[in-house]
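One structure below.
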């Protein structure tokens with residue numbers, strides 16, 4: 001990303017956030033990789049998940065590569081500005097995080113598998129940054145859609161925190177909260193690394209394995 005290295009590490013006040021807009025960003029009809037429809041209806045039994053783990057270009061790729069994930073989308077969540085632009089989010093004024101919205105088919109892939117991918121794909125101890133990407137929009141976050149997801153997320157964090165501590169890492173800074181509204185990012189951000197295979201990806205895990213089951217329903 002090129003407008004990405006803004007250094008704002010403090011969440012803004014709601015009253016200072018840009019007003020935003022009522023209109024949603026245009027959304028491609030089909031996912032560039034899976035060719036599934038980006039918008040509902042989704043297959044019967046499909047579930048939703050949402051994660052923030054740094055630059056959403058690389059983060060989205062992590063999840064579309066998982067068998068059983070139906071479709072992914074890059075977007076913004078956790079802030080105050082409705083339907084923000086990328087430039088507004090990068091300013092640090094919206095409070096939004098760069099996130100990946102995941103539609104997954106639970107008979108084919110478990111939520112725990114998504115959590116394992118989330119934890120192992122970034123460093124959740126860095127606060128408002130991931131590597132060289134610094135700012136509130138790069139914070140680590142799990143945004144849950146049910147009490148069951150919230151319970152699983154908390155349990156996985158406890159287990160991973162123990163593993164990280166043994167490996168010499170500091171405390172986890174990941175926020176876990178009920179899923180706020182999701183706002184689609186601009187079309188060029190969607191499946192960016194599939195369209196631009198040599199594009200920027202700043203994600204880097206800790207190398208510590210997350211000790212949660214990957215086949216638990």
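We did not get these values from a lab; they are worked out from the coordinates using the rules stated. In this text, all values refer to a predicted model and were calculated from it rather than measured experimentally. No Cβ is skipped: glycine too gets one built from the backbone with ideal geometry, and neighbour counts run over all protein chains shown.
Data overview
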read-out: Fraction of antiparallel bridges per DSSP, the chain only, in percent to nearest 5; value: 85 percent
read-out: Most mobile listed residue (61, 35, 129) in the chain, GNM with C-alpha springs under 10 Å; value: 35
read-out: Cβ-Cβ FRET estimate between residue 108 and residue 209, R0 fixed at 22 Å, reported to 0.05; value: 0.45
read-out: Spacing of the two label points (7 Å from each Cα toward its C-beta) at residue 23 and residue 35, in nm; value: 3.1 nm
read-out: Region 158-217 versus region 1-79: alpha-carbon centroid distance in Å; value: 13 Å
read-out: Region 21-195: C-alpha gyration tensor shape, a/c 1.5 cut-off, then a/b vs b/c; value: oblate
read-out: Shape call, region 54-148: gyration tensor on alpha carbons, a/c limit 1.5; value: prolate
read-out: Selected from 197, 28, 171 as most flexible by GNM, with the chain as the system and alpha-carbon contacts under 10 Å; value: 197
read-out: Approximate spin-label separation residue 151-residue 175, in nm, with each point projected 7 Å along Cα-to-Cβ; value: 2.5 nm
read-out: Residue with peak Gaussian network fluctuation, the chain [Cα springs, cutoff 10 Å], from 170, 52, 204; value: 170
read-out: Residues residue 9 and residue 159, FRET efficiency given R0 of 35 Å [Cβ-Cβ distance, rounded to 0.05]; value: 0.80
